[in-house]
1. Return the residue satisfying two criteria in turn: it lies in the stretch 80-116 and is closer than 19 Å to Glu47 by Cβ, assigned to a loop (DSSP other than H, G, I, E, B) and more than 17 Å from the chain's Cα centre (by Cα), and of such residues it is modelled with the lowest pLDDT.
2. Taking the condition in contact with a Ser or Thr (Cβ under 9 Å, 6 or more places away or on another chain), touching a residue at least 24 places away in the same chain (Cβ under 8 Å), surrounded by 17 or more Cβ atoms within 10 Å (Cβ to Cβ) and under 23 Å from Arg109 (Cα atoms), does Ala57 pass?
3. Pairs only if they're at least six apart or on different chains, beta carbon under 8 angstrom, first in the stretch 12-39 and in contact (Cβ under 8 Å) with a residue 40 or more places away in the chain and in a helix (DSSP H, G or I), second of a type in the set (Gly, Ala, Ser) and loosely packed, with under 12 Cβ neighbours inside 10 Å; list them, first residue then second.
4. Kindly check whether there is at least one residue in the stretch 66-75 that is assigned to a helix (DSSP H, G or I), among the β-branched types (Val, Ile, Thr) and touching a helix residue (DSSP H, G or I) at 6+ places or on another chain (Cβ under 7 Å).
5. Can you name every residue in the stretch 42-54 that is surrounded by 12 or more Cβ atoms within 10 Å (Cβ to Cβ) and either not in a helix (DSSP H, G or I) or not polar (S, T, N, Q) (or both)?
6. Can you name the residue in the stretch 60-79 that is surrounded by 15 or more Cβ atoms within 10 Å (Cβ to Cβ) and of a type in the set (A, V, I, L, M, F, W, C) and is also farthest from the chain's Cα centre (by Cα) among such residues?
7. Pro27 fails exactly one of the following numbered conditions: (1) within 16 Å of Gly101 (Cα to Cα); (2) at pLDDT 95 or above. What is the number of that condition?
8. Residue check: is Ala57 in contact with an Asp or Glu (Cβ under 9 Å, 6 or more places away or on another chain) and under 30 Å from Gly39 (Cβ atoms)?
Amino acid sequence: FNRPLGSFQALKHRLAQLWLDVAGVRPAATAAADRLATGEGGPAEAELAVAVAQVYASPVAVRAAEEALQLHGGIGMTWEHPVHLYLKRAKGDAVAYGGAGRHGEVVARLAELPAP
């Protein structure tokens, strides 16, 4: 289009939303890392903090990878560009480590709430 892709308002909005999603995961991930590193609150608190972080991080990782693939267009699906690998890794991690639903059940169990 003879313009940088970042100059299109619709793409800016998508990127801004992704930035907000990723920024929203950071506090939960930092809290989980702190609990694991310091042992503050004991193992149950650390497990709860990790589960909360994974509830937020798992869907954000998949969504960010999907959006990255969409924003890169056709080049994102080729072997010449690694974007498709990020999506495969994010989806594979959700299967291997559990998605938001599985970790939500862990949060409910640890917080003594009824499972969804």
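The values are calculated or read from the model by the stated rules, or taken from the named source; none is laboratory data. Being a predicted model, the structure only gives us computed values, none of them experimental. Cβ coordinates were reconstructed from backbone atoms using ideal geometry, including for glycine residues, and neighbour counts include every protein chain displayed.
1. Pro116
2. Here the answer is no, as Ala57 does not meet what is asked.
3. Partner pairs satisfying both residue conditions: Leu15/Gly6.
4. No, the stretch 66-75 contains no residue that is assigned to a helix (DSSP H, G or I), among the β-branched types (Val, Ile, Thr) and touching a helix residue (DSSP H, G or I) at 6+ places or on another chain (Cβ under 7 Å).
5. Those that are surrounded by 12 or more Cβ atoms within 10 Å (Cβ to Cβ) and either not in a helix (DSSP H, G or I) or not polar (S, T, N, Q) (or both): Glu45, Ala46, Glu47, Leu48, Ala49, Val50, Ala51, Val52, Ala53.
6. Checking each candidate, the answer is Leu71.
7. For Pro27, the failing item is (1).
8. No.
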